[in-house]
Amino acid sequence: MTGVLVIEDDDRIRLSLVLALEDEGYAARGAATAEDGLRQQRHDPAETVLVDLMLPGIDGFECIRQLRRDDDVPIVVVSARDDTHDIVAALEAGADDYLVKPVAVKELSARLRALRRRGRAMADPVPSLVFGDLVIRPEAGEVTVRGRPVALTRTEFRLLCELAEHPGRVLSRQQLLRRVWEYEVGDDRLVDVHVGRLRQKIEEDSSAPRHLVTVRGLGYKLQR
Amino acid sequence: MRPVGLRGRVIAGFAAGALALSASMALVSYQLIRGSLLAERERTAVRAAYFNATVVNAGLIGDEPDMVEILRSLDTGSDRRPVLRRAGIWYARSADSGVTASIPDPLLRMAEAGTPGKQRIRADGQPAVVVAVPLSDSTVFYQIDSLQELERTFQTLAAVLTLVAAMTTGAGAALGWYATGYVLRPLRSVASAAQEITAGDLSARLDPASEPDLVQLTTSFNHMVDQLARRMERDRRFAADVSHELRSPLQTLAAAASVLGRRRERLDDRTAMAADLVTGEVARFQALVDDLLELARSDQPADRRPVRVSELARRVCRTRGISDQIIDGEDGTWLVDEHRIEQLLANLVDNALRYGGGPTAIRLGCQEGAHYIEVDDEGPGVSPEDKEVIFDRFVRGRTARARGDVDGTGLGLALVAEHASAHGGRATVHDRPGGGARFRIELPGCGR
């Protein structure tokens, strides 16, 4: 249950990434199609999945959706496409991070480490954080809304905990990028799309959020 | 002199047309009315003169008739003065000899000769008509009718007609103003559509049904926009395709170079050197592709939002390991494209790092309605001939060439200039007092 699965149709890119990731100490393996990748993930799940967006057959977006349906495995998109539309669509489909090719191996490795850390408990765990009908149990990794448990991905959970640790305080997008994604400088869209996904899961009406509110020009905050 | 606009010319044309028309109408009306009124007045005068002459003639039957008394018995208004000339002597109702003096000699002679006549004259400086009716060989009855009343009517008429002509001219100008406004209205919708398109909304079109007479204009305009949109879409897709095609092999190279780098110690010297070259070139190639794509996208409009530029500058410094103490300036928000301004700052700082020994100051502020960004360095500065071209693409300054620079893409400052102009601003380079270069960016739109 360790290792990285590289879903990439370009043989040379796949091979070079697998080689380079193995050098970085990961057990990496490749899949040339989304179908193959999904099958491998079902039979022998990898810890993290790298996905290209342009794949023959099932494309990257659909591949992300299907991976997401099964579990909360961290998904990183590695694509040559860098327009906003693709980035937002991939993140909305469920990706945790988005990297534009060419990615330096050091950077990729740093992203993967950050993702792995995200799965762990908070540094100073508290039994539970209550925001009205929203209850977060960081130790158990559980979130309930009106008593009903909600399934969050690791990134969503980490983002929620980060906001919950500072109740009522505004955290800027860059602060959240540093704390959740461990980016020194990152893309605001990562935060925005994840906040959107989080709202759909924890808010009664995600277009009129009560708990996770936007503070215009500043960032986000979590409130009762 | 500024040429007169279409609207001005149409208004002037309408006004001139209205003036010509109304003036000639007024003139003709005036002449006709004046002619007919004068003729009517003269006819009345002649009729009255003959009637009065008959009365006078009847009174002259006696041997020693009292001329003055006879004249006084005539029923005349204040505007009518009868006089009688008998055997070379003038008789009048009262002492108004001035009147007789104004009767012209030819008329006098004609009447003495027994021919009746009438003539328009000026008596006491007033217009009048004199009618001469010979009664006998030595007697002639004259009647002088003042036309003063009629003259006043003519003056009033002239004033009214002039006023009407002036009003018609004004109405003509107003009509011209309205008509041009009406005709230019579809053009304004063309202009606003063009503005929308310039602002990036390529879906803006004109409705050909709204103005049947301008169908040709709207159709060709829409056709032009279609073509433009298609071309832009093609360019955008081309840039995206190029980006994809270049980035994919670069990814392989980057990963493979990393594998080589990790095994550098195990390689012999020559192979290690070759591996270093590959690694270095991959990095440069990557920077070049990124800059080229950025440049290809730079003609798109700036995506303006409130941005704390001082925060961007701090971020740029932090990621490059430079103290943010060198940043000096306001902490407020600017309405700019965050991504572009961050890249602009990053490129200026990188430029200073590469050629100027690192930035010594970054100043942000507002001057004469424009935000400014200044980045100083203590390098050798920029030579006058380089100042002209340093913002051009693939131009490396003298310093860069002298150092055999291969790290830069030659596009960094071109991108700075592009990002500045996307905000309607400009980029310039100056000599820093005390040596070094000072790059200055001005972005209009700092309020207050």
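A few remarks follow.
- Complete set of residues in the range B:362-385 that are of a type outside the set (Val, Ile, Thr) and either in a loop (DSSP other than H, G, I, E, B) or more than 45 Å from the chain's Cα centre (by Cα) (or both): B:Glu368, B:Gly369, B:Asp377, B:Glu378, B:Gly379, B:Pro380, B:Gly381, B:Ser383
- Condition check for B:Pro106 on (1) under 36 Å from the mean Cα position of the chain (by Cα); (2) at pLDDT 85 or above: one failure, at (1).
- Test: residue in the range B:90-98 that is among the basic types (Lys, Arg) and without any contact (Cβ under 8 Å) to a residue 12 or more places away in the chain: no
- Any chance A:Asp11 is at negative phi and either buried (at least 17 other Cβ atoms within 10 Å of the Cβ) or away from every other protein chain (no Cβ under 14 Å) (or both): no
- Residues in the range B:241-257 that are more than 7 Å from chain A (Cβ to nearest Cβ) and over 17 Å from A:Glu24 (Cα atoms): B:Asp241, B:Val242, B:Glu245, B:Leu246, B:Pro249.
- Residue in the range A:32-41 that is surrounded by fewer than 16 Cβ atoms within 10 Å (Cβ to Cβ), touching an Asp or Glu at 6+ places or on another chain (Cβ under 7 Å) and away from every other protein chain (no Cβ under 14 Å) present: no
- Some residue of the range B:230-246 being exposed (fewer than 15 other Cβ atoms within 10 Å of the Cβ), among the β-branched types (Val, Ile, Thr) and free of Cβ contacts under 8 Å to residues at least 40 places away in the same chain: no
- Within the range B:316-333, considering residues that are within 12 Å of chain A (Cβ to nearest Cβ) and surrounded by 18 or more Cβ atoms within 10 Å (Cβ to Cβ), the one farthest from B:Gly436 (Cα to Cα): B:Val316
- Considering only residues in the range A:165-186 that are touching a Phe, Trp or Tyr at 6+ places or on another chain (Cβ under 8 Å) and surrounded by fewer than 21 Cβ atoms within 10 Å (Cβ to Cβ), the one that is nearest to A:Tyr98 (Cα to Cα) turns out to be A:Leu177.
- Test set (1) buried (at least 19 other Cβ atoms within 10 Å of the Cβ); (2) part of a loop (DSSP other than H, G, I, E, B); (3) free of Cβ contacts under 8 Å to residues at least 60 places away in the same chain - A:Leu5 fails condition number: (2)
- Test: residue in the range A:119-134 that is under 28 Å from A:Ile87 (Cβ atoms), touching a residue at least 24 places away in the same chain (Cβ under 8 Å), crowded, with 19+ Cβ neighbours inside 10 Å and of a type outside the set (Ser, Thr, Tyr): no
- Screening B:Val83, B:Val68 for residues that are in contact with a Phe, Trp or Tyr (Cβ under 7 Å, 6 or more places away or on another chain) and touching a residue at least 40 places away in the same chain (Cβ under 8 Å) leaves exactly one candidate, B:Val83.
- Residues of the range A:170-218 classified as more than 19 Å from A:Ile136 (Cβ to Cβ) and either in the same structural domain as A:Arg111 (by TED's automatic domain parsing) or among the small types (Gly, Ala, Ser) (or both), total: 5
- Of the strands (runs of 3 or more DSSP E) lying entirely inside the range A:67-180, those containing at least 1 residues that are within 14 Å of chain B (Cβ to nearest Cβ) and under 28 Å from B:Asp241 (Cα atoms) are A:75-79, A:97-100.
- Where a residue in the range A:19-31 is in contact (Cβ under 8 Å) with a residue 60 or more places away in the chain and away from chain B (no Cβ under 11 Å) and its partner, wherever it lies, is of a type in the set (A, V, I, L, M, F, W, C) and part of a strand (DSSP E or B), with Cβ under 8 Å and at least six apart: A:Tyr26/A:Val4
- Residue match in the range A:203-224 (condition: touching a residue at least 12 places away in the same chain (Cβ under 8 Å) and in a helix (DSSP H, G or I)): no
- Scanning the range B:174-196 for any residue that is outside the structural domain of B:Gly13 (by TED's automatic domain parsing), part of a loop (DSSP other than H, G, I, E, B), surrounded by fewer than 19 Cβ atoms within 10 Å (Cβ to Cβ) and among the hydrophobic types (A, V, I, L, M, F, W, C) turns up nothing.
- Filter result for B:Leu260 (more than 8 Å from every other protein chain (Cβ to nearest Cβ) and either assigned to a loop (DSSP other than H, G, I, E, B) or within 27 Å of B:Gly280 (Cβ to Cβ) (or both)): yes
The values are calculated or read from the model by the stated rules, or taken from the named source; none is laboratory data. What you see is a predicted model, and the numbers here were worked out from it, not measured in a lab. Heads up, the Cβs are rebuilt from the backbone with ideal geometry, glycines too, and the neighbour counts pull from every protein chain shown.
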